[in-house]
Every structure is written in C-alpha cells, then in structure tokens.
There are 2 protein chains.
Amino acid sequence: MTVTLADVAARARVSPATVSRVLNGNYPVAASTRERVLRAVDELDYVLNGPASSLAAATSDLVGVLVNDIADPFFGIMASAAQSAIGEGGSGRGGGEKLAVVCNTGGSPERELTYLTLLQRQRAAAVVLMGGSLEDPEHLAATAAKLAKLAEAGTRVVLCGRPPVTGDANTAALVFDNRTGARRLTEHLLELGHRRIGYAAGPADRTTTRHRLEGHRAALAAAGVEEGPTVHGAYDRQAGHAATAELLARDPDLTAVVAANDTVALGVCAALRERGLDIPGDVSVAGFDDLPFSIDAVPSLTTVHLPLHEAGVRAGRLAMGTEEPRTGGLERVPAELVVRGSTGRPRG
Amino acid sequence: MTVTLADVAARARVSPATVSRVLNGNYPVAASTRERVLRAVDELDYVLNGPASSLAAATSDLVGVLVNDIADPFFGIMASAAQSAIGEGGSGRGGGEKLAVVCNTGGSPERELTYLTLLQRQRAAAVVLMGGSLEDPEHLAATAAKLAKLAEAGTRVVLCGRPPVTGDANTAALVFDNRTGARRLTEHLLELGHRRIGYAAGPADRTTTRHRLEGHRAALAAAGVEEGPTVHGAYDRQAGHAATAELLARDPDLTAVVAANDTVALGVCAALRERGLDIPGDVSVAGFDDLPFSIDAVPSLTTVHLPLHEAGVRAGRLAMGTEEPRTGGLERVPAELVVRGSTGRPRG
DNA sequence: GCTCCGATAGAAAGCGCTTTCCATCACGGA
DNA sequence: TCCGTGATGGAAAGCGCTTTCTATCGGAGC
C-alpha cells in the first residue's frame, strides 16, 4: 500500500542501497543513476519512512524544544527563533531537514521529565530546555540524571535561561543575567528617590524568581534601603493584580512596585488604577523581559530588555551543532534596563 | 551500550515477546511475570526505542500541531490547550503517552508543507493545523493533496480555525465564526453613531482576513453606510501603527478604526495617541480575539471574544480520537462581542 | 482417567531502512 | 598485454521492536 524504498529501487532499476545513498547523499552515485532514482521517487511520490530510517541509522532528526508556557510570548519568541535557526541549519542526515518540535511543560517538573523521556525514546538529535527550572533538589537531581543520559546517548543538550546542572560535554547553557538586570532596575528606582518598593515576584522556588529577587535585594542592600514587602505568584496578570492588593495591604505607603515580568506588571497597573492610583504619579511600576506589548502599555513600561530572539537563535544553532559552545559551556546573556513612562519620581 | 528489550527479557528470564506485551499491555500476562518484567525495566533503566517500536507497529505516538506564529499568544493559547488535551488523553499504544509537538510555520505555505511531509515521514498519529491559511489556489490544492494523503495513511487530520479543504473522513474542522463576530463588532460601532470607520486588516489573501472583512462589510451594507479605507498588514503592533497613519491620510475624519486583532489594535492605539488623539474621545478602536492583555490595555479594548482555549482542547481531543467529530466534520465556534472602554460615541 | 479448553509464554518472521563489505568495470601505467 | 586502482553499484546483515502462530500446562467436564 505505501510506497517503500524497495519500490523506488525496482522502478529505477537499481538496488535499495543505491536509493538510500541518493537520498542521503553521503556516498558517490553517478549523476545519471541519481537522476533516474530521483525521477522514480517523484513518480511514485515516495516518502521516507522516518522510524525505519531512524532505527537503522540510530538517530533521528527530531530536535525537542521544551518551554514552560507556550502561551507566554516570552517563550514563544525564543522558541520561534530557535525553531527557525534549527529549520534552516541542515548539514545533517536526511537532507538536513531537522524537525524542531516544541513541547509545553507547563512548568511542571513531571511533564518535563516525561517529555525528556519521550524525546529520548525518539532518539532526538538535540534537546533545548527553555526557561528557569524548579529548585527542588530532588527534581534537580532527576533532571540532571536524565540530561546526562541523553548527552551520553549522543543527544545534544542546550539550556536556555537556566543554569547548567551538569558539567557534561555535549551540553551548553545560555543564562540571562537576571541578577544584574534586576539590580539595575531597582537602582533606577532608588535613583528616582523611591524608598518603599514592593515586589510582585514570580513563583517561589524557581531559579529565575530567585535571581531577579537577589538582584533587587543587592541593589537595596548597597543603598542601605530596607526591603519592602514581597509577594509570590504565577507569571500572569491575575497574579500581579492579586499581589498588588497584598502589597498595598502590607505597606500602604509604597511608591513603587517591581513586577516579576511585564505580564505581571500589567496586572499590577490594572489593580493600581482600580484604586484610583496614578502611574507613575502615585506609584511607579516596572516590569521585566521587555515583551513587545510593554511599549504599548499606558504608560509604557519601564522594564529590563532581554534579547529573547537572539538567545533563541543561538540556542537553536547550538542544538544544531552549527555553532560551538564557549569553553566551559556557559554563556551569559546581558540584560539591559529600558526606562519608559511607568516609573518616575515619587511625590513629595 | 544502550539497554534493549532483549536485555530486559534476559534479566527477567522471559522472552522479548513477553516484555513487549507487558509494556504495551494489550495481552494477558500473569501478574507475577509482569512484576518481574517491570522490576527488570526499572533496574536496567530501560527506555523503549521509539523508532523501532513505530516501525514494527506502523504508527507513532507523535501528534503534530502546526501554528502560523508561535510567538503570538493567539496560537500559544490554542496550542497549549491542545497539547494538554493530547497529553492527558491516552488509551493508545505505548502507555498512551502521545507526544504533542508544535511546529511553527511562520505562516509560510512552504514551511507548512515541509512540516507536513516531515510528520508524514514520522507516521504521525494525528496532525492539527491551527489558524487561517493562504487562499492561493495552488497552495490550497497542494495542501489538500497532502492532507488527503495523510488521512489516507491513517493520520487523523484536524483543522482549527481554517475552513476544510477536503471532505475526507478522518478529517475534522473547527472554524471560528469570524464573519459574525466581525459583523457584530461593526454593528456595535454603527449603533454608537460611527459613520467613518477605517479598517486595519490582516495580511491579504488569508482566510481569516477575508472572513473578518466580509463581516465588517456586511454590517456596513446592511446599514447603508459607505465603506471607509482599508489597509492590509501583518498581525503585529507595527502593522497597526503603520496602518493608522495610512488610514488617517486617506480619511482624516475617521471616528473609528477596526483592527485585524488585538495586537494590531495596540499599535493603532499607540499611533493615535502619538497624534494626540484621545481614545475613544476622538477615535474609537476595536480589536479581535480578546487576548489576555486586551483587558489591561488603556483604555481596555472592545473586541470579539474567541474561545481559544476551548477550541484548542476540542481540537486536541479530536486529534486523539477521544471525541468524535460532528457529522459532516465541520464545527462552528461562536465569536462573541465584548464591549469595553476603547469604543464610544463619536464627538458631535 | 482422559480429552478439551482457557490462560500464558515462546519462536520467529518481518517492519523499511542503512551500511559494511564485496564485486565490477573501465582505465592508465609498466 | 596485464594488473593495480578509483569509481560505482549490489548483497546482505542487521537496527530493536511487534505480532502472529504455536506450544505448554493445569484444570473442568464427561
């Protein structure tokens, strides 16, 4: 029923071996023969059987991209960039067409491991993990073990936005400089004169949350300013909205709120407005990530720019093996403060 | 080097056949034997070889989800929903774990076909195409042919947000009622008293663009109001920003602008504000899709709500075969007008 | 007590490809 | 003229799993 390589071989009057060689192009085949084979492929509308090919060759052209939340543009932008870098690469087998697939873990460690196992099953060529991870030691160990096994089996492992868990070769890591970015942001607020700053943080126990919080605290400590209230929540507007109520309850005299990211900042702004507070007149608000919409917020959001697209491309190339990782495998991606309209001097 | 099923069999002192049966659970195996096998699997840390399994069984547990732009929350939300529906389904082979993978076509017909071929190679269990498509007849035909081939080979095909191209069984389609949604939206504007309405449309030649435009025009025609200027552009803020300048140039007395979607609307708002125009005092603005951020826009966006999450889940279930498609395979998803602060009565 | 049957488990034949040997063949050099 | 040699193409052995087809065994039925 389905056309197989043998059918093509018969039609082209060559052996299956030759057809395979034409298709994979890693062995000399006379031009005339090649053409005959290609014509047969065309005429029969032959499609390679991926599983069979992968089985025989012991690798597949699948590249897995794991993200915490596919509905969040933060990941969408990176994944998109990685996918296009992976798609256009292509010196590998099977004509170099790699199938970049993105898998949504929802931030759940279990799903992350499940996907990694599934990709291991498929003998994926590479795996890219995007976004911070949970800091639970048990999970960290399980993930590290799984990644080590993948790397050992020849799957390239790339981390993008999370610290490396294993010093393995075959593993590269890109980390955003969240600490410095957060620090600059809070310094900016301090320079404006803010002394009571609330923090609507991301989920507890996540690397990203901790790093940003550390940067924030470092800035406060350096300036000798007392830390304001901190509330943890998810990375969505709802969380920002809820956090704001809590923060204001804990310190009604806040003059600024730093949000875990831009989306959360949107929720913070909404909550402040509902209470009749002006931004930045009464309260300044800052985000993080510099997602596309943050420039269109009203007022436009002061935030920390992360080169998501560039990082995604780089991650994709590392996964393809097109580019080599830095020595040590760890690469720091700079974060840059972007001052816009949502932050200003506090009243008085 | 890698542990194979035979190794597990040897360790458990059973035949490979028995191990396979335990793993796939579709054949009676004595409890004691099963346990012995599972212990061996655990002890050896065995991971099934996906390609081998797929080859022998002639299907894989891959489900492809194709989206036009993964960085756009519109697709992110649907894909996320579909992926979770697919992940939790699971009566299939291999323990029912399906690997839902999302592929980013970037709206390019070529990439779409490439991905479809790649998925066909992998003998994917199902394919979900999300979002509108190009209306170029040549592309339409090529896609239809490819989808027919996939369906014929036993791959379930689900369209979500695009009209069906083939009346095949094995194929289901979910379509958003863009026409009605757009019509209601324009009717709303007309009721408010607007008579000069600009339209910042999506890319030309796309089904979604056309349907929304048709709804808009239908409302105008029914009210006997002359159509205002229309500008086509991409689905991003930049396009909305640029379109606004053009629309205003063509008719400086516009009192309302309808955008292709919420993201575009954000760009429209930004451009209007830059010109010192008040929203909705001077110009009303409306979006489409009701993405999460639109409620936080200032003023909050009047838009058309699309049940993206629900549609994604439904698409996922159709892909899994958990739910049956309606007779005829076509299902209409309702779109609902949501009036917020960005639209109001025109001055005077 | 013997046959028949349900419940289990093993043997073995592939699934469709890749790849390692080999076999050819046409030349150029000695 | 004969042989070494590079360029091609074929034969065949798997890759690791699934799945028929059989074989075995302990009762139940007569």
Just one of (1) closer than 22 Å to residue A:298 by Cβ; (2) at pLDDT 95 or above; (3) not in a loop (DSSP other than H, G, I, E, B) trips up residue B:235, so point out which. (3)
Here are some conditions: (1) touching a strand residue (DSSP E or B) at 6+ places or on another chain (Cβ under 9 Å); (2) closer than 19 Å to residue B:129 by Cα; (3) crowded, with 19+ Cβ neighbours inside 10 Å. Residue B:326 meets all but one. Which one does it not meet? (3)
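Among the residues that make up the stretch A:174-187, is at least one of them modelled with pLDDT of 90 or more and among the acidic types (Asp, Glu)? Before you say what the answer is, go through the steps one by one.
Let us first name the residues in the stretch A:174-187 that are modelled with pLDDT of 90 or more, namely A:174-187.
Among the residues that remain, those that are also among the acidic types (Asp, Glu) are: A:177, A:187.
Looking through the stretch A:174-187, at least one residue is modelled with pLDDT of 90 or more and among the acidic types (Asp, Glu).
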Whichever residue in the stretch B:21-67 is surrounded by 21 or more Cβ atoms within 10 Å (Cβ to Cβ) and small (Gly, Ala, Ser) and, among such residues, is nearest to DNA strand D (Cβ to nearest atom): B:53
Yes or no: residue A:110 away from DNA strand C (no atom under 15 Å from the Cβ), at pLDDT below 95 and of a type in the set (D, E, K, R)? yes
Please enumerate the residues belonging to the stretch B:171-200 that are surrounded by fewer than 20 Cβ atoms within 10 Å (Cβ to Cβ) and in a loop (DSSP other than H, G, I, E, B). B:177, B:193, B:195, B:196
Checked against (1) at pLDDT 90 or above; (2) of a type in the set (A, V, I, L, M); (3) crowded, with 24+ Cβ neighbours inside 10 Å, residue A:134 satisfies every condition except (3)
Need the failing condition index for residue B:281 against (1) part of a loop (DSSP other than H, G, I, E, B); (2) out of contact with any Lys or Arg (no Cβ under 8 Å at 6 or more places or on another chain); (3) touching a residue at least 60 places away in the same chain (Cβ under 8 Å), just the number. (2)
Need pairs with beta-carbon distance below 9 Å; first residue closer than 11 Å to residue B:315 by Cβ and at the interface with chain A (Cβ under 7 Å from one of its Cβ atoms) and within the stretch B:60-83, second surrounded by 24 or more Cβ atoms within 10 Å (Cβ to Cβ) and polar (S, T, N, Q); sequence gap 6+ or separate chains. B:79/A:104; B:83/A:104
Does the stretch B:201-213 hold any residues that are buried (at least 20 other Cβ atoms within 10 Å of the Cβ) and of a type in the set (Lys, Arg), and which are they? B:206, B:212
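Scan the stretch B:1-15 residue by residue and report those that are near DNA strand D (Cβ under 8 Å from one of its atoms) and under 28 Å from residue A:151 (Cβ atoms).
Selection gives B:1, B:2, B:3, B:4, B:5, B:6, B:7, B:8.
Regarding residue A:256, is this residue surrounded by fewer than 24 Cβ atoms within 10 Å (Cβ to Cβ) and more than 14 Å from every other protein chain (Cβ to nearest Cβ)?
Numbers: surrounded by fewer than 24 Cβ atoms within 10 Å (Cβ to Cβ): no; more than 14 Å from every other protein chain (Cβ to nearest Cβ): yes.
No.
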Could you please let me know if residue A:116 is assigned to a helix (DSSP H, G or I) and either among the hydroxyl-bearing types (Ser, Thr, Tyr) or assigned by TED's automatic domain parsing to the domain that holds residue A:151 (or both)? yes
Against the condition more than 41 Å from the chain's Cα centre (by Cα), surrounded by fewer than 19 Cβ atoms within 10 Å (Cβ to Cβ) and within 30 Å of residue B:154 (Cα to Cα), how does residue B:16 come out, does it pass? yes
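Any residue in the stretch B:82-92 that is of a type outside the set (Asp, Glu) and at pLDDT 95 or above?
Residues of the stretch B:82-92 of a type outside the set (Asp, Glu): B:82-87, B:89-92.
Still in the running and at pLDDT 95 or above: B:82.
Checked against the condition, which is being of a type outside the set (Asp, Glu) and at pLDDT 95 or above, the stretch B:82-92 yields at least one hit.
Of all the residues that make up the stretch A:150-165, how many are surrounded by 17 or more Cβ atoms within 10 Å (Cβ to Cβ) and either of a type outside the set (Val, Ile, Thr) or touching a helix residue (DSSP H, G or I) at 6+ places or on another chain (Cβ under 6 Å) (or both)?
Of the residues in the stretch A:150-165, the ones surrounded by 17 or more Cβ atoms within 10 Å (Cβ to Cβ) are A:150-151, A:155-162, A:164-165.
Of the ones still in play, those that are also either of a type outside the set (Val, Ile, Thr) or touching a helix residue (DSSP H, G or I) at 6+ places or on another chain (Cβ under 6 Å) (or both) are A:150-151, A:156-162, A:164-165.
Total meeting the criteria: 11.
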Going by what's in this entry, would residue A:255 be described as polar (S, T, N, Q) and touching a residue at least 12 places away in the same chain (Cβ under 8 Å)? yes
Every residue from the stretch B:294-311 that is free of Cβ contacts under 8 Å to residues at least 60 places away in the same chain, surrounded by fewer than 24 Cβ atoms within 10 Å (Cβ to Cβ) and within 13 Å of chain A (Cβ to nearest Cβ): B:295, B:296, B:298, B:299, B:300
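The values are calculated or read from the model by the stated rules, or taken from the named source; none is laboratory data. These numbers were taken from a predicted model, which means no experiment stands behind them. Here Cβ is always computed from backbone atoms with ideal geometry, including for glycine, and neighbour counts include all displayed protein chains.
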